[in-house]
1. Under the rule of at least 5 residues apart or a separate chain, name every residue whose amide H is placed under 5 Å from the amide H of A:V176.
2. A:S310 to A:M205: extension gain in nm, 0.36 nm per residue of separation minus the Cα-Cα distance?
3. Checking the cross-link filter: which aspartates and glutamates have an alpha carbon closer than 15 Å to that of B:K126, excluding same-chain neighbours under 8 positions apart?
4. Report the one residue of B:A194, B:P172, B:T16 whose Cα lies farthest in the direction of the positive end of the charge dipole of the protein assembly as shown (charges on C-beta: Lys and Arg +1, Asp and Glu -1; origin at the Cα centre).
5. Considering only B:L237, B:L55, B:L248, give the residue with the highest GNM mean-square fluctuation for chain B, with springs between Cα atoms whenever their separation is below 10 Å.
6. Could you give the angle, 0 to 90 degrees to the nearest 10, between helix B:223-233's Cα long axis and the longest principal axis of the Cα atoms of chain B?
7. Which helices, taking whole DSSP H runs in chain A, have alpha carbons extending 20 angstrom or more along the helix axis plus mean Kyte-Doolittle at least -1.0?
8. Within region B:37-75, what residues put their amide N at less than 19 Å from the label point 7 Å along the Cα-to-Cβ vector of B:K97?
Amino acid sequence: MSDYDFIPSFITPDFSKPEWRAQKSYSQNLADSVIKAMLPPLTPEEEARPFAKYYYEEIKQPDPAHLALMDEPMDPSRAYGPEEINRLLDLEYLEKEEVEIGWCNLPNGAGYIANKNFYPGVTADMIDWWFAWHPLEDLRYRIWYPPQHAGIMLSPIDRARILDPSIPNREKNWGVVHNVTENCDCGFENIDIAFRSPADMGFDMEKFERVAATFVGGMGWSVAVNKCDDSITAPAIMCHIFYDVPDGLLHRTRFWMGYRFTVEGKPELCLPPKVSVPAANVQGLARHNVKEFTRFGDFLPRIYKELGDSMYC
Amino acid sequence: MPMKLMAVSRRRPGLTRADYFRYIEHYHGTVARLERFKIDRYIQNHVIDGAFGVLSDTEHHNRVADRDGVVELHFSEFRDMIATLEPEGVTQSRANKDGKFFADEPNNIIVMAEEIELPVPNPLPKFNPGLGEPGMGAVKVMQFIMRRPEVFPQDFPRLWRRAHDEALAASPYAQEMFRRIVVSLRSRVNDNDAAARAHFRMVDPPVYDMEVSFWLDSMENVGAFRQYLEAIQANPLPFADWSRSFFLYTRPVRIIDDAPPKD
């Protein structure tokens, strides 16, 4: 059995490219995630990559006032479930009435997170490029937020889709799963994030096209890297929506922890009755989100100028 | 969203197959009707025959190569399933206590799944009491397919679907005789199966990412499934561990079903 016999014959990988040499099997990646979670030093091959320097640069720290808004839970009566995702398209209401930065448990036990960032000099094309480009190699994900981003993998079919030049960057991730190893302030986890189109998230697309610049989101299942028989595999719905504003992009994040999408595409709470997502996990993800996206807004314009808009480098 | 819990069991020591079928249909089935909790539908599939692994295997790779029944419990949503497995205010439900009288419980397998129905070229068009209801048939083949560990879970159903379409296209008898096909995809909620493991008392159960049910008119037609099986197992796409996969010919028995019969 060869190292790559799990790759289906209708895919033709080009192993002369690092974007294909990164491909591992599912079982190998799962085993590797334990090592990745130890944040090992870069390999000589990684050191030679043109973006390795971003791994070593000083990470921009979040505004303390922004991070402090995640210290205590917000009023749950001002939060809502993923069935009301279209509230993110009502800009007037968002700006006047909504809690834009905060977290809490909903009355049904789900975890809710809201966050907002402004990125000067960032465009929707940069967002589309980054989210398609970064899952191709561990180091691309690690440079995003080195303290807590440990690694990433795609399946061969998803990798072929990302590298397909006929698919626009904005659509490459639709239906694709990122298998990431990440610490959301509660220890390293393996998180399988299944990305969706905005239509499949439940957005009213007529309104979405008028209001939003671009979107990234889907559903994740997370479980501890060092999982044991009693480990909980936790679902969450993730939504990052971006809006054109003068001089940059506005980014709103929402997480609904404890929710999944059903096969039919409907959001469904799948916590057992009387069980809540632990507050420490909700707050942990909220704080992680502030940190990783502070860094994101700082380095995205620079790396895009250097390496965008191609998937290869 | 409907969620289905399937439990595959072998009869306990000392029972004949006839004993087992009589007990689960008439006694255990009655217990489930009396203590329905949040069950929407309950179908028992009594095993007529089956095979484990492939002909080229020289020994079995399944820990248990013998199964007698598959129960299917349908729920409106995940929370209803939990509320039934761990009913509030009940230390141990009668159904839970009853399992030891018919099943080899440590060797049970469970799959929590969501169903996707696929089109068939030749569905049973109208009611025929000799063959079955429209969209149904008297025999249901249940194929449990184990994913190769190297294959990503997200690629597994994609590869299966490609292999399935090619196998069906190469199997004219199967095209003619498959009356209905339903794919049950394992849900990740199955990862948190402590309640189900406790209910069914399983020890280290094997994981099946997919079950596919094929309805045929009668046992005389199961050769259609064998034709399809040979074609899908010969497919070079590397998605399944066929040595750990198995299929069962079963007779479905309705225990709880509020839906009116189709005619």
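1. A:F195
2. Numbers: separation 105, 0.36 × 105 = 37.80 nm, distance 2.76 nm.
Answer, rounded to one decimal: 35.0 nm.
3. Result set, ordered by chain and number: B:D217, B:D263.
4. So the residue we want is B:T16.
5. Top of the fluctuation ranking is B:L55.
6. Helix B:223-233 sits roughly 80 degrees off the main axis of chain B.
7. On the way: long enough: A:279-307 (40 Å, -0.41).
Those that clear 20 Å and a mean of -1.0 are A:279-307.
8. Residues B:37-38 qualify, since their backbone N sits under 19 Å from the label point.
Here, each number is a calculation from the coordinates, and none is a lab measurement. Just so it is clear, the structure is predicted and the values come from calculations on it, not from any experiment. Neighbour counts are summed over all protein chains in view; Cβ atoms, including those assigned to glycine, are modelled from backbone coordinates with ideal geometry.
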